[in-house]
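The structure appears right after this line, and notes come after that.
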Amino acid sequence: MTFGEQPAYLRVAGDLRQKIVDGQLPPHTRLPSQARIRQEYGVSDTVALEARKVLMAEGLVEGRSGSGTYVRERPVPRRVSRSGYRPPGGATPFRQEQADGEGRGTWESSSEQSEASVAVAERLDIEPGDRVMCTKYLFREGGEAMMLSTSWEPLAVTGRTPVMLPEEGPLGGMGVVERMRAIEVIVDNVAEEVGARPGLAEELLVLGGVPGHVVVVVQRTFYASGRPVETADVVIPADRYRVAYRLPVK
């Protein structure tokens, strides 16, 4: 194979992908069988099988037990807002969008005290095993699960205060900035790192994906005078949503 030449299985997968995109293989159409791919493209069974695996990994097709492999419905991506802007009242962007009269979003959460893992401790600049408040969220749009979030706050900051539980009390659900301000901790910076990875089995079970589906992961940390006071992982299905940023201009 010369430099720049694609392996045979990628060429086959690319041609089938184009047919799916162009509508020659519309949703719910059965993908050509392995034998047919082998004959049509003049490739081996191994190449045909690898090409089908590529399309499955990309989420373009799905296997149905005892029936074959079919083209998946391609959802129109919707937007998930991430913003440095905070409207009056302190609502997060998601909550603000749901308050505009058109949103159909709901969310549920649960909090419990736990020990910081090595990774979480590094992000919060605390010691592994230090106590943190871990809060897990499931966000829905029109009843459909669309986003997961897990946040951690050091109890050295929020413990024994009215904002120890992020979703309870007079400031429950108001967001990190407003809650911290209530205990005289002034958040002055937030950092987000955006990446992608295959979804974990437990994530895809909730979000409605199949093994191999990719998720977008937003790793967010709030700081007060350089000290991390909250960190979170936000997990979003990459095939159904796009992350949209709205950043203030100074």
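Applying the criterion of being closer than 21 Å to residue 138 by Cβ and either polar (S, T, N, Q) or in contact (Cβ under 8 Å) with a residue 24 or more places away in the chain (or both) to the residues of segment 174-194, the residue that is surrounded by the most Cβ atoms within 10 Å (Cβ to Cβ) is 176.
The single condition among (1) at pLDDT below 75; (2) not assigned by the TED database to the domain that holds residue 191 that residue 95 does not meet is (2).
When segment 130-142 is limited to residues that are touching a Ser or Thr at 6+ places or on another chain (Cβ under 9 Å) and within 25 Å of residue 225 (Cβ to Cβ), the one that is surrounded by the fewest Cβ atoms within 10 Å (Cβ to Cβ) turns out to be 131. Given the criteria among the β-branched types (Val, Ile, Thr), assigned to a helix (DSSP H, G or I) and either in the same structural domain as residue 140 (by the TED database) or closer than 25 Å to residue 242 by Cβ (or both), does residue 80 qualify? In short, no.
For residue 123, are the conditions met, namely being closer than 26 Å to residue 248 by Cα, modelled with pLDDT of 90 or more, open to solvent by 30 Å² or more (accessible area, probe 1.4 Å) and part of a helix (DSSP H, G or I)? Can you show your working first?
On the way: closer than 26 Å to residue 248 by Cα: yes; modelled with pLDDT of 90 or more: yes; open to solvent by 30 Å² or more (accessible area, probe 1.4 Å): yes; part of a helix (DSSP H, G or I): yes.
For residue 123, the condition - closer than 26 Å to residue 248 by Cα, modelled with pLDDT of 90 or more, open to solvent by 30 Å² or more (accessible area, probe 1.4 Å) and part of a helix (DSSP H, G or I) - is met.
Checked against (1) of a type in the set (A, V, I, L, M, F, W, C); (2) open to solvent by less than 70 Å² (accessible area, probe 1.4 Å); (3) touching a Lys or Arg at 6+ places or on another chain (Cβ under 9 Å), residue 204 meets all criteria but (3).
To keep it simple, each residue is scored yes or no on (1) in contact with a Phe, Trp or Tyr (Cβ under 7 Å, 6 or more places away or on another chain); (2) surrounded by fewer than 17 Cβ atoms within 10 Å (Cβ to Cβ).
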residue	(1), (2)
8	no, no
15	no, yes
20	no, no
23	no, yes
28	yes, yes
33	no, yes
47	yes, no
51	yes, no
63	no, yes
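Out of the residues in segment 143-164 that are part of a loop (DSSP other than H, G, I, E, B) and surrounded by fewer than 18 Cβ atoms within 10 Å (Cβ to Cβ), state the one that is modelled with the lowest pLDDT. Lay out the reasoning, then the answer.
Here is the first cut: in segment 143-164, the ones part of a loop (DSSP other than H, G, I, E, B) are 143, 159-164.
Now restrict to residues that are surrounded by fewer than 18 Cβ atoms within 10 Å (Cβ to Cβ): 143, 159-162.
Details: 143: 88, 159: 96, 160: 94, 161: 96, 162: 95.
Going through the qualifying residues, I end up with 143.
Residue check, residue 140 against (1) at pLDDT below 95; (2) not in a strand (DSSP E or B), all met but one. Which one? The number of the failed condition is (2). In this entry, residue 199 passes the filter for residues that are under 12 Å from the mean Cα position of the chain (by Cα), over 27 Å from residue 155 (Cα atoms), open to solvent by less than 40 Å² (accessible area, probe 1.4 Å) and at pLDDT 90 or above. Of the residues making up segment 15-58, those that are touching a helix residue (DSSP H, G or I) at 6+ places or on another chain (Cβ under 7 Å), in a helix (DSSP H, G or I) and not basic (Lys, Arg) are 16, 34, 37, 41, 45, 47, 48, 49, 50, 51, 54, 55.
The values are calculated or read from the model by the stated rules, or taken from the named source; none is laboratory data. If you're wondering where the values come from, they're calculated on a predicted model, not measured in any experiment. No Cβ is skipped: glycine too gets one built from the backbone with ideal geometry, and neighbour counts run over all protein chains shown. The accessibility values were calculated without ligands, DNA or RNA, using every heavy atom of the protein model including side chains. Shrake-Rupley method; radii C 1.70, N 1.55, O 1.52, S 1.80 Å.
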